[in-house]
1. Which FRET efficiency value, to the nearest 0.05, is calculated for Lys115 and Ala48 with the Förster distance at 30 angstrom and r the Cβ-Cβ distance?
2. Calculate how many DSSP beta bridges within the chain are antiparallel, expressed in % of all such bridges and rounded to the nearest 5.
3. For Lys211, which aspartates and glutamates qualify as cross-link partners when the Cα separation must be under 14 Å and same-chain residues fewer than eight apart are set aside?
4. FRET efficiency for Asn212 and Asn264, Cβ-Cβ distance as r, R0 = 45 Å, nearest 0.05?
5. Mind listing P(r) for region 2-51? All alpha-carbon pairs, 5 Å bins, whole percents.
6. Using a 1.4 Å probe on the protein heavy atoms, what percent of the accessible area of region 33-181 belongs to carbon and sulfur?
7. Taking each pair of distinct Cα atoms in the chain once, what is the resulting Kirkwood hydrodynamic radius in Å?
8. In percent, how large is the relative contact order of the chain, given Cα pairs closer than 8 Å and 6 or more residues apart?
Amino acid sequence: MKRNESIRKVFEALNWARQFLREKGREENVAHIAMEFCLGMGRTELLANMHRPLNATEFETFQQMIIQHGEGVPIQYVIGYEEFYGRKFHVNEHCLIPRPETEELVLGTITRMKKSFSNQALEVVDIGTGSGVIAITLKLEVPTLHVTATDISTKTLDVAKNNARTLGANIEWVEGDLLTPLIGSKRFDCVVSNPPYIPIGEKENLSVIVKNYEPERALFGGTDGLVYYRKMIEQLPNILKRKALVGFEIGHTQGDAVAKLLLNKFPNAKVEIVKDLNGKQRMVFAFIESM
Ligand code: GLN
């Protein structure tokens with residue numbers, strides 16, 4: 001596409017982009033995100049610069065980003081990061097893009113850890129860490145924790161390690177399938193995970209932005225979406241301390257099923273199904289004290 005000579009200013013480029021995105025069925029607010037990235041500005045600064053002229057390079061970069069997103073590439077992969085809990089995390093095609101609901105899992109975990117344990121030097125593990133958001137945020141918010149994070153993919157763990165380095169979080173990394181690589185090494189006070197939980201049959205209903213670009217192994221949890229909860233719960237007795245907290249993010253219809261899986265394995269557990277800010281069931285916490 002050739003440069004449209006009539007576009008010289010920020011607001012004109014934004015108008016072009018909004019219309020382009022609308023025609024492609026994408027969210028128009030991505031235009032602002034892309035422009036902020038191109039100009040290295042925050043939202044407020046951008047608003048104060050609507051009449052600033054764009055040079056050719058700035059406009060072309062912006063235009064390319066908008067075209068890529070129009071084709072379906074998530075804007076977070078285009079700009080290379082997503083914000084989580086007020087920090088920037090690098091993301092790429094090897095990891096899930098962190099979702100705001102997962103911030104609530106982190107907050108809920110911190111609140112319950114503080115309430116349930118007097119000692120704050122706890123051993124915590126994040127299973128299937130992806131970009132590392134859960135593990136890294138827990139460590140940075142509660143520096144006394146000792147945090148371990150696992151993932152099955154080397155390339156994904158590299159993304160998480162890079163984020164930990166940039167953000168200054170000291171984490172122990174373990175590569176492998178779910179809890180398997182941890183068994184026999186140490187036990188944990190707290191296990192947290194946002195596993196893939198979309199039933200595979202729902203793939204066709206997902207937006208192109210999700211289903212064609214985010215890694216399948218980070219999205220889908222088998223026929224009913226519960227495969228990874230079942231496997232993790234089966235393995236939990238091998239890695240939990242006598243008194244432990246488990247926190248899972250879940251799909252909004254999975255609360256009862258995941259609570260039941262936990263109670264089958266740990267009949268004395270105190271299990272809570274917790275809703276997110278949108279009023280949807282989003283987390284299950286279990287406080288487990290074994291005899
Ligand atoms: N723990 C990461 C996140 O919450 C990755 C989760 C996943 O890949 N399913 O973003």
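1. My answer for the efficiency is 0.10.
2. Counting DSSP beta bridges with both partners in the chain, the antiparallel share is about 50 percent.
3. Straight-line reach from Lys211, under 14 Å: Glu71, Glu93, Glu202.
4. According to the calculation, E is roughly 0.75.
5. Over region 2-51, the share of Cα pairs per 5 Å bin runs 4, 22, 29, 25, 16, 4 percent.
6. The value for region 33-181 is 51 percent carbon and sulfur by accessible area.
7. Evaluated over the chain, this radius sits at 20.5 Å.
8. 13
The values are calculated or read from the model by the stated rules, or taken from the named source; none is laboratory data. Computed from a prediction, not measured in an experiment: that's the story for all the values here. Every residue, glycine among them, receives a Cβ derived from its backbone with ideal geometry; neighbour counts consider all protein chains shown. Just the protein is used for accessible areas: all its heavy atoms, side chains included, with ligands, DNA and RNA removed. Shrake-Rupley method; radii C 1.70, N 1.55, O 1.52, S 1.80 Å.
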